[in-house]
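Encoded as structure tokens, the structure appears first; notes follow it.
The values are calculated or read from the model by the stated rules, or taken from the named source; none is laboratory data. None of the values given here were measured: they were computed from a predicted structure. Positions of Cβ are backbone-derived with ideal geometry, glycine not excepted, and every protein chain shown enters the neighbour counts.
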Amino acid sequence: MATLIGVTSSRVRKEVDEALYAFVDRQRPGLLAMSDDLAPMMSALDQLLAGGKRLRPAFCYWGWRAFHGADRPEIVSAAASLELLQASALIHDDVMDASDTRRGQPAVHKRFEAMHDAEGWPGASDAFGEGAAILLGDLALSWSTEMYDMSGLPDEMLKAGRPIYDIMRTEVMCGQYLDMLEQARGTGDVESALRVVKFKSAKYTIERPLHLGASMAGATPGDLEALSAYGLPLGAAFQLRDDVLGVFGDPAETGKPAGDDLREGKRTVLIALALETASAAQRETVQRLLGDAALDLAGVE
């Protein structure tokens, strides 16, 4: 059974990629018909979409299959729309965190900043880069809805999933605000950090994609509760692991420099636990260095 699921998951990921790229390719002529100057936006989105684990589409697909949804290409297309939602979240997240890289490549705002510099245009290149990235993130968000609606599933199935899709988008944006709020407050307690994990990651990455697929397949409210009991702890574990990798991870594997979360001043559960158990001197060191954008490897250590 495990082998069968593994083979199916590999196939689903391939089909998600195909559906995602086909949708973007259908959108491309419309943008370029407006102006060839929009080509860099498409290139930036292409590069971002080329990476990623496709976790959200996979959980959406398996939520659908768990409630006897047929194995059909339309569900793959609907699930793949979540990658556009994820692209939007990542682009905006990198602007807010002032991240230089994403998936081993320059972050989208850095790509546009570099383009501004290379062209020698007047004005601030960083402001241009951030503005262009925000607009591309908004475009990806808009396209996520369009791809979902155009997936080919019957209207009644799409309508059943729409409330889940809507709350999912609300939760990830509110989770991002709570994340920013924790960094601004600098409180760093475990309970607050876990609240961010719940709304920014656990619900968004696993619980809601499962709910989306299951709802389209006709799952009941009780069924969704059972999925939550599975999805929320798994989603929290995924984020806690990501927090560890953000400090101790190998850049070749994570696609981001070692210690980037420390430079960005992220108030993760890892940091909260460190402050909770630290001596006064250790706490002073963490609080002094956390959020230092110029933190070198010695500072990370």
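Do you know which of the residues in segment 70-97 that are small (Gly, Ala, Ser) and in contact with a Gly (Cβ under 7 Å, 6 or more places away or on another chain) is surrounded by the most Cβ atoms within 10 Å (Cβ to Cβ)? Before the answer, list the steps.
Step one: list which residues in segment 70-97 are small (Gly, Ala, Ser), which gives 70, 77-81, 87-89.
The next check asks that each one be in contact with a Gly (Cβ under 7 Å, 6 or more places away or on another chain); those that pass are 77, 79, 88.
Numbers: Ser77: 23, Ala79: 31, Ser88: 25.
Restricting to residues being small (Gly, Ala, Ser) and in contact with a Gly (Cβ under 7 Å, 6 or more places away or on another chain), the top hit is Ala79.
Please go through segment 244-295 and give me each residue that is of a type in the set (D, E, K, R), over 24 Å from Gly175 (Cα atoms) and at pLDDT below 90, ordered by number.
Initial filter on segment 244-295 (of a type in the set (D, E, K, R)): 250, 253, 256, 260-261, 263-264, 266-267, 276, 283-284, 288, 292.
If we keep only those that are over 24 Å from Gly175 (Cα atoms) too, we end up with 250, 253, 283-284, 288.
Within segment 244-295, Asp250, Glu253 qualify.
Restricting to segment 246-295, what's the tally of residues that are part of a helix (DSSP H, G or I) and over 23 Å from the mean Cα position of the chain (by Cα)? First the steps, then the outcome.
Quick first cut of segment 246-295, residues part of a helix (DSSP H, G or I) only: 246-248, 251-254, 260-263, 269-277, 280-289.
Keeping just the survivors that are over 23 Å from the mean Cα position of the chain (by Cα) gives 273-277, 280-289.
Going through segment 246-295 one residue at a time, the tally reaches 15.
Tally the residues that are at pLDDT below 90 and of a type in the set (Lys, Arg), restricting the search to segment 171-202.
Number satisfying all stated conditions: 2.
When residues of segment 202-227 are filtered for being part of a helix (DSSP H, G or I) and of a type in the set (Val, Ile, Thr), how many remain?
Of the residues in segment 202-227, the ones part of a helix (DSSP H, G or I) are 202-216, 221-227.
Applying the additional criterion that residues be of a type in the set (Val, Ile, Thr) yields 205-206.
Counting residues in segment 202-227 that are part of a helix (DSSP H, G or I) and of a type in the set (Val, Ile, Thr) gives 2.
Within segment 68-81, does at least one residue satisfy the condition of being within 15 Å of Leu139 (Cα to Cα), within 18 Å of the chain's Cα centre (by Cα) and at pLDDT 95 or above?
Quick first cut of segment 68-81, residues within 15 Å of Leu139 (Cα to Cα) only: 81.
Going one step further and asking which of them are within 18 Å of the chain's Cα centre (by Cα), we end up with 81.
If we keep only those that are at pLDDT 95 or above as well, we get 81.
Yes, segment 68-81 contains a residue that is within 15 Å of Leu139 (Cα to Cα), within 18 Å of the chain's Cα centre (by Cα) and at pLDDT 95 or above.
Answer yes or no: is there a residue in segment 186-208 that is crowded, with 18+ Cβ neighbours inside 10 Å, aliphatic (A, V, I, L, M) and closer than 30 Å to Pro154 by Cα.
Looking for residues that are crowded, with 18+ Cβ neighbours inside 10 Å, aliphatic (A, V, I, L, M) and closer than 30 Å to Pro154 by Cα, one finds at least one in segment 186-208, hence yes.
Check off (1) surrounded by 13 or more Cβ atoms within 10 Å (Cβ to Cβ); (2) of a type in the set (Gly, Ala, Ser); (3) assigned by TED's automatic domain parsing to the domain that holds Phe59; (4) closer than 24 Å to Lys203 by Cα for Gly161 and give me the number that stays unchecked.
Tallying (1) surrounded by 13 or more Cβ atoms within 10 Å (Cβ to Cβ); (2) of a type in the set (Gly, Ala, Ser); (3) assigned by TED's automatic domain parsing to the domain that holds Phe59; (4) closer than 24 Å to Lys203 by Cα, Gly161 fails exactly one: (3).
Consider Tyr230 carefully, then state whether it is part of a helix (DSSP H, G or I), among the aromatic types (Phe, Trp, Tyr) and within 16 Å of the chain's Cα centre (by Cα). Break it down stepwise before answering.
Values: part of a helix (DSSP H, G or I): yes; among the aromatic types (Phe, Trp, Tyr): yes; within 16 Å of the chain's Cα centre (by Cα): no.
For Tyr230, the condition - part of a helix (DSSP H, G or I), among the aromatic types (Phe, Trp, Tyr) and within 16 Å of the chain's Cα centre (by Cα) - is not met.
Inspect segment 102-112 for any residue being at pLDDT 95 or above, aliphatic (A, V, I, L, M) and not in a helix (DSSP H, G or I) and give the result as yes or no.
Within segment 102-112, one or more residues are at pLDDT 95 or above, aliphatic (A, V, I, L, M) and not in a helix (DSSP H, G or I).
Check whether at least one residue in segment 116-132 is in contact (Cβ under 8 Å) with a residue 24 or more places away in the chain, assigned by TED's automatic domain parsing to the domain that holds Ile91, out of contact with any Ser or Thr (no Cβ under 6 Å at 6 or more places or on another chain) and part of a helix (DSSP H, G or I), and report yes or no.
There is at least one residue in segment 116-132 that is in contact (Cβ under 8 Å) with a residue 24 or more places away in the chain, assigned by TED's automatic domain parsing to the domain that holds Ile91, out of contact with any Ser or Thr (no Cβ under 6 Å at 6 or more places or on another chain) and part of a helix (DSSP H, G or I).
Consider Asp138 against the criteria (1) touching a residue at least 12 places away in the same chain (Cβ under 8 Å); (2) more than 26 Å from Asp292 (Cβ to Cβ); (3) more than 19 Å from the chain's Cα centre (by Cα): it satisfies all of them except one. Which criterion is unmet?
Unmet for Asp138, out of (1) touching a residue at least 12 places away in the same chain (Cβ under 8 Å); (2) more than 26 Å from Asp292 (Cβ to Cβ); (3) more than 19 Å from the chain's Cα centre (by Cα): (3).
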